[in-house]
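The values are calculated or read from the model by the stated rules, or taken from the named source; none is laboratory data. It should be emphasised that the depicted structure is a prediction, and the values quoted were computed from it without experimental measurement. Counting neighbours? That spans all protein chains shown, and the Cβs are built from the backbone with ideal geometry, glycine included. When the accessible area is computed, the model is the full protein with side chains, heavy atoms only, and any ligands, DNA or RNA have been set aside. Shrake-Rupley method; radii C 1.70, N 1.55, O 1.52, S 1.80 Å.
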Amino acid sequence: AELPLRFSNTSLDPYLRFFEPRLSPFTNAIAGGTVRVVGELADVDHLIVDTRVEQLDLKLFDYRVSNVDPATQAARPIELTPDHHVLNVNDLRLFGDGTRLDLDGHVNLHESTIAVSASGDANLGILQGFYRDIRSSGAATLKATVDGPLAKPVFSGSAAVVNGRIRQL
């Protein structure tokens, strides 16, 4: 089969909550782009699924990030390329108020492992979108990695925090 699909202004958060029910109810994700599926539908090992996200808008509590570069007002497409149960994330860049984050790495779906690195500047308000019981503010310059099993990932790296505040509710 060859199935080209286009999606526009599609809410992703219900699907994200299916896989991660602890995700904050104040997190919303809207995306648009294309998905192209080629191969034998009955055999996942022989499927090619190319995904190109042209529009990504995330609202994490009251903080917004997107793939639109404020300097150029142009969206930086996000390309996700699966290869034999490994989802590769290359050159994913997110922008927001006080945020410019670059992410690279992969998620091995067959082995349930992750190896992703992040670097750049981040507004600490972004944490509120991932943790229901945290309120945060301030800025951080970071270089971090997430490695290991998806059930128990290991976080490492460094961050320089300026005027930071993290409060658990």
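Annotations for the structure displayed:
- Sorting the segments 134-145, 68-79 by their residues' average number of neighbouring beta-carbon atoms within 10 angstrom, most packed first, yields 134-145, 68-79.
- The relative contact order of the chain comes to 15 percent, based on Cα pairs under 8 Å that sit 6 or more residues apart.
- Summing charges over neighbours of Gly33, with a neighbour being any other residue whose Cβ is under 14 Å away from its Cβ, gives 0 when K and R count +1 and D and E count -1.
- Spherically averaged projected area in nm², based on the convex hull that wraps the Cα atoms of the range 128-169: 3.6 nm²
- The HN-Hα couplings worked out from phi for the range 78-84 by the Karplus form 6.51 cos²θ - 1.76 cosθ + 1.60 (θ = phi - 60°) are 10, 10, 10, 10, x, 9, 6 Hz, whole numbers, x standing for Gly and Pro.
- Whole-angstrom Cα spans of the range 69-139 along principal axes, big to small: 39, 35, 16
- Net charge dipole, the range 99-169: roughly 400 debye, given to the nearest 20, about the Cα centre with Cβ charges of +1 for Lys and Arg and -1 for Asp and Glu.
- When the chain is described by a simple charge dipole with +1 on each Lys and Arg Cβ and -1 on each Asp and Glu Cβ, the residue from Ala159, Leu41, Gln73 located farthest towards its positive end is Ala159.
- Dividing the Cα radius of gyration of the range 28-169 by its Kirkwood radius returns 1.00 for Rg/Rh.
- Whole-percent carbon and sulfur share, accessible surface of the range 89-143, 1.4 Å: 55 percent
- Using θ = phi - 60° in the Karplus curve 6.51 cos²θ - 1.76 cosθ + 1.60, the 3J(HN,Hα) couplings for the range 143-159 round to 9, 9, 9, 10, 9, x, x, 4, 6, 9, x, 9, 9, 8, x, 9, 8 Hz; x is entered for Gly and Pro.
- Residue-averaged [θ]222 nm for the chain, counting only DSSP H segments that reach four residues, each worth -39500 (n - 2.57): -1000 deg cm²/dmol
- Principal semi-axes in Å for the range 8-55 [√(5λ), Cα gyration tensor, largest first]: 26, 16, 6
- For the chain, with +1 on Lys and Arg beta carbons and -1 on Asp and Glu, the positive-most of Gly96, Pro149, Val107 along the dipole: Gly96
- Near the amide H of Ala139, within less than 5 Å, lie the amide hydrogens of Leu124, Val162, Gly164, all on another chain or at least 5 residues away, with H placed in the peptide plane.
- Solvent-accessible heavy-atom area per residue, rounded to whole Å², over the chain at 1.4 Å: 62 Å²
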